[in-house]
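Written below as structure tokens is the structure these notes are about.
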Amino acid sequence: MSIYYKHTQFGTLTVSLLVAIIILLALLGFFVEWHAVSIGVLLILIVCVALFYSLTVEISNEHLKIHFGVGIIKKKFEIKDIEKAYPVRNCWYYGWGIRLIQNGWLYNVSGLDAIEIVMSSGKRYRIGTDQPNELAQAVNKARKLDT
């Protein structure tokens, strides 16, 4: 199984905002009495940073794999099931994370650039990236090698 492409995009804005809120809550906790709710929120934010600090995309001759952060949240697509892949620009209100959008699912940690992959089943997925052209080319190269 040869790897044709591997890239990790860091979610700079997302991580910066979450870390700033974590620091603010921690400082507030030191100067004001800790409450169970504030500890719970702090823990949830720390977990969110660990889960969504980056998005890694890896393409081999068999699969397109993506995983967020430490790798607990992941998705795998069979190359043979991908009909086409092309660069797209997301609307700002699509946001980041994993979400259902107008015509499919979005996986994104930063920015508005992505590729859209269309599956043989008709399902569509958008994968956020700061290298949309390179990623689309890598998917299409793997598709050609698969046939």
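Which of the three applies to the stretch 55-131, rounded, prolate or oblate, going by the alpha-carbon gyration tensor with a ≥ b ≥ c and a/c under 1.5 meaning rounded?
Cα axes put the stretch 55-131 in the oblate bin.
Computed from backbone phi, the HN-Hα couplings of the stretch 116-121 come to 10, 10, 10, 8, 4, 6 Hz, rounded to whole numbers (Karplus: 6.51 cos²θ - 1.76 cosθ + 1.60, θ = phi - 60°; Gly and Pro given as x). For the chain, the longest principal axis of the alpha carbon atoms and the long axis of helix 12-31 meet at an angle near 20°.
Of Ile66, Ala20, Met119, which is farthest along the charge dipole of the stretch 3-147 in the positive direction, counting Lys and Arg as +1 and Asp and Glu as -1 at C-beta? Most positive-ward Cα: Met119.
What the Cα atoms of the stretch 97-147 give is an Rg and a Dmax of 11.6, 33 Å. A DSSP coil position with no more than 10 other Cβ atoms inside 10 Å describes the following GluC sites (Glu not before Pro) in the stretch 1-96: Glu33. Return the whole-Å distance between the Cα centroid of the stretch 66-131 and the Cα centroid of the stretch 51-65. Centre-to-centre distance over Cα atoms comes out at 11 Å. Computed from backbone phi with θ = phi - 60° and the Karplus coefficients 6.51, -1.76 and 1.60, the 3J(HN,Hα) list for the stretch 89-98 is 10, 7, 5, 4, 7, 5, x, 10, x, 10 Hz; x is used for glycine and proline.
A value for Rg/Rh (Cα atoms, Kirkwood Rh) was derived from the coordinates, and within the list (1) 1.08; (2) 1.01; (3) 1.05 it appears as (1).
Looking at the chain, the DSSP beta bridges with both ends there are about 90 percent antiparallel. Amide H contacts of Gly11 (H built 1.01 Å from N, in plane; Pro and chain starts excluded): Ser54, Leu55 sit under 5 Å, all sequence-distant by 5 or more or on other chains. Across the stretch 125-138, rounded Karplus estimates of 3J(HN,Hα) from the backbone phi angles (6.51 cos²θ - 1.76 cosθ + 1.60, θ = phi - 60°) give 9, 10, 10, x, 6, 9, 10, x, 5, 5, 5, 4, 4, 5 Hz, Gly and Pro being marked x.
Each reported figure results from applying straightforward, stated rules to the coordinates on display, with no laboratory input. What you see is a predicted model, and the numbers here were worked out from it, not measured in a lab. Every residue, glycine as well, gets a Cβ built from its backbone with ideal geometry; the counts of neighbours run over all protein chains shown.
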